[in-house]
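Trainee: Got a structure here, written out as structure tokens. Questions coming.
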Amino acid sequence: MLTDVFHLIDGDTRKRAPNPMEFAVQRNKIVGLPNHAVLIRRDGVESAIEDSIAPIHDQAGQITGAVMVFRDVSHARAIEIQLSHLAQHDTLTDLPNRTLLTDRLNHSIALARRYGRQVAVLFVDVDHFKQINDSLGHAVGDEVLRGVARRLMASVRGSDTVSRHGGDEFVVVLSEVEHGQSAVQHAKRIAAVLAEPQIVAEHDLRVSVSIGVSIFPDDGEDAETLIRSADTAMYHAKENGRNTYQFYMSGMKLPETAIVQQLTV
């Protein structure tokens with residue numbers, strides 16, 4: 001039978017796809033392959049394919065079978081997936097970028113609103129990072145940022161999101177917290193993990209961070225507001241001596257030094 005040699009599945013669901021040749025015969029018209037169709041060969045090799053199937057008629061116009069013409073689009077699909085990934089991830093750290101961060105935070109907010117939960121946003125800034133770049137070079141600085149990214153990922157849950165916001169700034173979304181104290185525990189753990197020395201190009205480097213914390217729904221009901229609130233709190237943490245955390249408080253404004261810094265960027 002055809003299905004014995006022509007094993008076709010849906011690449012998204014991994015379920016066996018209906019036989020397109022049977023559709024072409026039953027409907028007596030040209031039909032296309034299912035979206036993201038994958039052909040599995042007898043040796044187990046998978047190939048993404050696309051194209052169409054047409055019924056075959058005899059001289060009397062009766063259907064006698066069907067013919068299918070398809071082409072391997074595995075390479076094109078791989079490029080498509082790669083481009084999609086690059087559009088949503090930071091090129092240096094491979095963490096979600098601002099676009100994907102906003103999508104995930106909005107999703108967490110929607111779930112929290114539905115089930116009466118809280119979401120915490122931690123805005124993490126590496127202290128004195130400019131000194132690392134200026135004294136040791138950007139290559140070392142980049143490796144430090146990659147190390148920070150790896151450690152941040154290792155210090156959160158699988159349901160949480162770590163994003164590089166730009167430069168030496170990272171945003172952590174804790175998708176569900178019971179109360180503010182939970183966010184404090186996460187902030188302390190992150191600071192402790194990042195404070196452990198990194199060996200980069202034979203340099204023994206110790207990184208400290210300043211962390212601003214905002215909580216949904218108290219400090220904002222949308223992604224943009226929560227990130228801005230956490231960012232504001234982070235600048236107050238820096239003014240309080242760096243290497244610490246600060247919760248956002250109602251009415252808190254960006255310090256003048258932070259406003260000047262943002263205007264000059």
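The values are calculated or read from the model by the stated rules, or taken from the named source; none is laboratory data. From a predicted model like this one, the values you see are computed outputs, not experimental measurements. As a convention, Cβ positions derive from the backbone with ideal geometry for all residues, glycine included, and neighbour counts pool all protein chains shown. Keep in mind that these areas ignore ligands, DNA and RNA; they rest on the heavy atoms of the full protein, side chains included. Shrake-Rupley method; radii C 1.70, N 1.55, O 1.52, S 1.80 Å.
Trainee: Give, as a single signed number, the net charge of other residues whose beta carbon lies under 10 Å from the beta carbon of LEU111, with Lys and Arg counted +1 and Asp and Glu -1.
Mentor: On the way: positive: ARG113, ARG114, ARG117; negative: GLU176.
In short, +2.
Trainee: Let me ask something else. Which sequence of LYS253, LYS29, LYS238 reflects their accessible areas, 1.4 Å probe, from the largest down? Show your work: numbers first, answer last.
Mentor: Numbers: LYS253 150, LYS29 105, LYS238 35 Å².
Ranking LYS253, LYS29, LYS238 by accessible area, largest first, yields LYS253, LYS29, LYS238.
Trainee: Let's see if you can work this out: charge +1 on each Lys and Arg Cβ, -1 on each Asp and Glu Cβ, no other charges. What is the dipole magnitude of segment 78-123 about its Cα centre, in debye to the nearest 20?
Mentor: 420
Trainee: Moving to a separate point now. Once the Cα atoms of helix 180-195 and of the chain are each reduced to a long axis, what angle between those two axes, in degrees from 0 to 90 to the nearest 10, is obtained?
Mentor: It works out to around 90 degrees.
Trainee: Right, here's the next one. With everything on Cα atoms, drop me the angle between helix 98-115 and the longest principal axis of the chain, reported from 0 to 90° to the nearest 10.
Mentor: Computed tilt is about 90 degrees.
Trainee: Still on this structure, I have one more. On C-alpha positions alone, give me the angle between the axis of helix 74-88 and the longest principal axis of the chain, in degrees, nearest 10.
Mentor: The two axes meet at around 20 degrees.
Trainee: For the pair ASN106 and SER159, what calculated FRET efficiency results from E = 1/(1 + (r/R0)^6), where r is the Cβ-Cβ distance and R0 = 22 Å, to the nearest 0.05? Write down the numbers at each step before the final one.
Mentor: Working: r = 15 Å, r/R0 = 0.68.
My answer for the efficiency is 0.90.
Trainee: How much length would be gained if the chain were fully extended between GLU176 and ALA76, taking 0.36 nm per residue of separation minus their Cα-Cα distance, in nm to one decimal?
Mentor: Taking 0.36 nm per residue and subtracting the Cα distance, the gain is 32.2 nm.
Trainee: How would you classify segment 140-265 from its alpha-carbon gyration tensor, with a ≥ b ≥ c the square roots of the eigenvalues: rounded for a/c under 1.5, else prolate if a/b is greater than b/c, otherwise oblate? Walk me through the numbers on the way to the answer.
Mentor: Numbers: a/c = 1.84, a/b = 1.27, b/c = 1.45.
It comes out oblate by the Cα gyration axes.
Trainee: Turning to a different aspect of this structure: Specify the residue with the greatest mean-square fluctuation among LEU101, LEU145, LEU83, computed from a Gaussian network of the chain linking alpha-carbon atoms under 10 Å apart.
Mentor: Result for the chain, Cα springs under 10 Å: LEU83 fluctuates most.
Trainee: Pick from PHE70, PHE123, PHE216 the residue whose mean-square fluctuation is largest in a GNM of the chain, springs joining Cα atoms under 10 Å.
Mentor: Among PHE70, PHE123, PHE216, the largest GNM mean-square fluctuation belongs to PHE70.
Trainee: Which of the lysines could a cross-linker span from LYS29 if the Cα-Cα distance has to be under 28 Å and same-chain partners fewer than 8 positions apart are dropped?
Mentor: Cross-link targets: LYS15.
Trainee: So for ILE49, ILE40, what's the accessible-area order with a 1.4 Å probe, most first?
Mentor: ILE40, ILE49
Trainee: How would segment 76-169 be classified by its alpha-carbon gyration tensor: rounded, prolate or oblate, with rounded meaning a/c under 1.5 and the a/b versus b/c comparison settling the rest?
Mentor: On the way: a/c = 2.67, a/b = 1.35, b/c = 1.98.
Note, shape of segment 76-169 comes out oblate.
Trainee: What number, rounded to the nearest 500 deg cm²/dmol, is the helix-based mean residue ellipticity at 222 nm of the chain, given -39500 (n - 2.57) per DSSP H run of at least four residues and division by all its residues? Intermediate values should be presented prior to the final figure.
Mentor: On the way: 9 runs with 112 residues, N = 265.
The helix-only estimate for the chain comes to -13000 deg cm²/dmol at 222 nm.
Trainee: Tally Lys and Arg at +1 and Asp and Glu at -1 over the other residues with C-beta under 12 Å from the C-beta of ASP222: what net charge comes out? Could the numbers behind the result be given before it?
Mentor: On the way: positive: ARG113, ARG228; negative: ASP219, GLU221, GLU224.
Cβ neighbours under 12 Å give a net charge of -1.
Trainee: State the Cα centre-to-centre distance between segment 130-205 and segment 82-109 in whole Å.
Mentor: 17
Trainee: I would also like to ask the following. Considering the options GLN26, HIS128, GLY180, tell which one lies farthest towards the positive end of the dipole of the chain, charges being +1 on Lys and Arg and -1 on Asp and Glu at the Cβ, about the Cα centre.
Mentor: GLN26
Trainee: Also, I was wondering about something else. State the percent of C-alpha pairs, over all pairs in the chain, separated by a distance greater than 29 angstrom. Can you show the working numbers first?
Mentor: On the way: 17408 of 34980 pairs.
Roughly 50 percent, rounded to a whole number.
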